[in-house]
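One structure is given here, and the rest of the page talks about it.
The values are calculated or read from the model by the stated rules, or taken from the named source; none is laboratory data. Here the structure is a predicted model, which is why all the values come from computation and not from measurement. Ideal geometry is used to build each Cβ from the backbone, glycine not excepted, and the neighbour counts take in all protein chains shown. Quick note on the areas: whole protein, heavy atoms, side chains included, nothing else; ligands and nucleic acids left out. Shrake-Rupley method; radii C 1.70, N 1.55, O 1.52, S 1.80 Å.
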Amino acid sequence: MPNGRYEIEISNLDLIQACWGPVVADQVVGHIRTRLRHMGVGVMQDETPGRFRLTGDLRFQEPLDWDRLADLSYRLTAEPISIELTTGLAGSALHAVMKWATEEPPRYRCPRDIERDHGERWFAIYKSDMQIVAHAFRCAGEGRMIPHWQPVCDYRDPARILYHEGLVRFGEQSEALSPGVIFPALERTGTASTFDWVMVRHVLDELRAHPQATLAVNISANSTHRQGWWRNILADLATRPDLARRLVVEITETEPIVHIEEAIAFAHALRATGATLALDDFGAGFTSIRQLMGLVPALVKIDGVFLQRATRPQNPCRSLPHLIELIRELGGTVIIEGVETQAMADLAFVSGAVWQQGYHHARPSPIRSGISQPLSLDAIGAEDRNRPSVGQSR
């Protein structure tokens, strides 16, 4: 929550000016000012370019209510701003990455950071990323973001499903961009947390519409906080235990957790509602054992690369059983990802992983197969403790 005055700013304004010039930068500033007024928010231009002081509620002539403002920066960030007429490039658009003036950590990279990461190519990469991101948010806004669901299955009885993980596909088949292209662009442009906001709301709507479903949503490390859009969602989950106990929140490791103390506080707040915390892609990203111990996830998903290395014909890696045992000793239930063949499923099971996910069990599909019941972590933990020992047959 902002301290004192409510001041919101376009955090990537310098990048916009560097890539598209001052005319487009001025257009974006004008667009945000107009959108705030359309939302009924009084605006005073700050001396800092791209920063706005919010002065009051124009509709009711009263001070602004923070609960109303909690997701304001994300609502504005999620809207593609067309620059087609200014640039002459058909379909050209960008996003103003909005943040409160006192918000930490910032949800963007400055030109120096991007130049450090990508060298002389940073200019072209950022412009390309913005077009990709604008396409993704357009799909979401126009109903062309198609959720796909992939189950987490019990090796011993694949029809027994722990939950369905929500994945997305964008646009029509002929124009679809792969998640491997879109999600890195979201991270690089600072819009990943805003897209998480869109996805969390969608999964919650699915849970309300389907009382028999237990569903998971992925969020980036940048979304592990209790501020902004999470504020109202956590409050809602606290009053809806029937909803919370069917929600799994998977933290992905594509970006480092910058403020681990805030992430731990978020994990505690999420667990307090009755929702389940999972750590995704463990072993292939940024999360350390120390962070795993601090976050205390109920579920830990081991990245499929460990299973691939364990099943390669020459020099197989034999660390998988030890990694699974370590996670269990720390209190987490293990899910192994990337199970593509029966041989992989068998090896994962004898290594100690009862719960599995991958193409061998089911491909992501718009139709959810099977019914997943609300998670009973005590029962799951008891099953996990009665796991097969290494080398035990099926």
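The figures follow:
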item	result
Radius, Kirkwood style, for the range 40-167 when every pair of distinct Cα atoms is counted (Å)	18.6
In degrees, nearest ten, helix 179-189 long axis to first principal axis of the chain (Cα)	40
Approximate spin-label separation ARG33-ILE146, in nm, with each point projected 7 Å along Cα-to-Cβ	4.3
Probe 1.4 Å, protein heavy atoms only - accessible area per residue of the chain in square angstrom	46
The range 207-321: radius of gyration and largest Cα-Cα distance (Dmax), Å	16.0, 54
Sum of -39500 (n - 2.57) over DSSP H runs of 4+, divided by residues of the chain (222 nm, nearest 500)	-12500 deg cm²/dmol
Test item: Cα-centred dipole of the chain, Lys/Arg +1 and Asp/Glu -1 on Cβ, debye	460
Computed label-point distance, nm, for sites MET293 and ALA238 using a 7 Å Cα→Cβ extension	3.0
Difference of contour (0.36 nm per residue) and Cα-Cα distance, ARG75 to ASP14	19.9 nm
The chain: most fluctuating residue of GLU62, GLU253, GLU187 per GNM, C-alpha cutoff 10 Å	GLU62
Compactness index (Cα Rg / 2.2 N^0.38 Å), the range 178-263	1.12
Accessible area of ILE16 in the full protein assembly, 1.4 Å probe (Å², nearest 10)	0
Potential lengthening between PHE60 and VAL181 on full extension [0.36 nm per residue; Cα-Cα distance subtracted]	39.2 nm
Difference of contour (0.36 nm per residue) and Cα-Cα distance, GLN227 to ASP157	21.2 nm
Value of Rg/Rh across the chain [Cα atoms, Kirkwood radius]	1.00
Surface share of carbon and sulfur [accessible, 1.4 angstrom probe, percent] for the chain	51
Stokes-Einstein D for the range 256-315, Kirkwood Rh over Cα pairs, 10 °C, 1.306 mPa s (µm²/s)	124
Max mean-square fluctuation residue, GNM over the chain, Cα-Cα springs under 10 Å, options CYS153, CYS19, CYS317	CYS317
Tail beyond 14 Å, pair distance distribution of the range 118-199 (Cα, percent)	67
Kirkwood Rh, angstrom, the range 8-76 [1 / mean 1/r, Cα pairs]	12.7
Farthest toward positive dipole pole in the chain [+1 Lys/Arg, -1 Asp/Glu at C-beta], among MET344, GLY274, ALA263	MET344
Cβ-Cβ FRET estimate between GLN342 and ALA209, R0 fixed at 45 Å, reported to 0.05	0.80
Spin-label model distance (nm) - ARG363 vs ARG201, 7 Å beyond Cα toward Cβ	3.2
Fraction of beta bridges assigned by DSSP in the chain that are antiparallel (%, nearest 5)	55
